[in-house]
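Structure, as structure tokens:
Where a number appears in this text, it was derived from the coordinates with a stated rule and is not lab data. Bear in mind the structure is a predicted one, so any value in this text is a computation, not a measurement. Quick reminder, even Gly has a Cβ in these numbers, built from the backbone with ideal geometry, and neighbours come from all protein chains shown.
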Amino acid sequence: MLKHFNTQPEPQILCDVCSEAVSNPICPSCLTNEIEAWATLYPDLIKNLIPRLRQYLNQADDRIVFEATLCLKCNETRGIVCPYCFTEFVFNELKRMKVNKIILKEFLEFFNFDFDHNGYSNEEKLGVI
Ligand SMILES: [Zn+2]
Ligand SMILES: [Zn+2]
């Protein structure tokens, strides 16, 4: 019997949170920088949100020691959480902080990684935000 050795899938990068394959590894640190740039319009948000994100990043880096992956953006090797899971975390933090709905909507305009529309963008459709 012939065996096909080439049918093994490529090693995939899996998100530490949802275990889905990450096709565009962008580290949470790079996303945080972008979120920080966006949030400069809202000084209160920077003050409250960014420290929470940094804390999350430290935990993520501690947790994922063996599966660190090269980030497409900064070329650092870091633990990877997929952009969806990370932005969902940020979105939930924003809700916990009871930010203005306008800010929530704006966040989704800039950082919507919910491409299948099964996650947080549903909340917008349902009028939750
Ligand atoms: Zn994920
Ligand atoms: Zn990065």
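Listed from fewest to most Cβ neighbours within 10 Å, the set R54, R78 follows the order R54, R78. Multiplying the residue separation of T77 and A21 by 0.36 nm and removing their Cα-Cα distance gives an extension gain of 18.5 nm.
Checking a compactness column here: for segment 21-125, what do you get for Rg(Cα) / (2.2 N^0.38 Å), N being the number of residues? If you can, show how the numbers build up before the last one.
On the way: Rg = 13.6 Å, N = 105, 2.2 N^0.38 = 12.9 Å.
Ratio of Rg to 2.2 N^0.38 Å for segment 21-125: 1.05.
Taking label positions 7 Å along the Cα-Cβ direction at both R96 and F110, the computed distance is 2.1 nm, reported to one decimal.
Near L41, within a Cβ-to-Cβ distance under 14 Å, what is the net charge of the other residues, with Lys and Arg +1 and Asp and Glu -1? Please list the in-between numbers first.
On the way: positive: K47, K105; negative: E34, E36, D44, E106, E109.
Here the count lands on -3.
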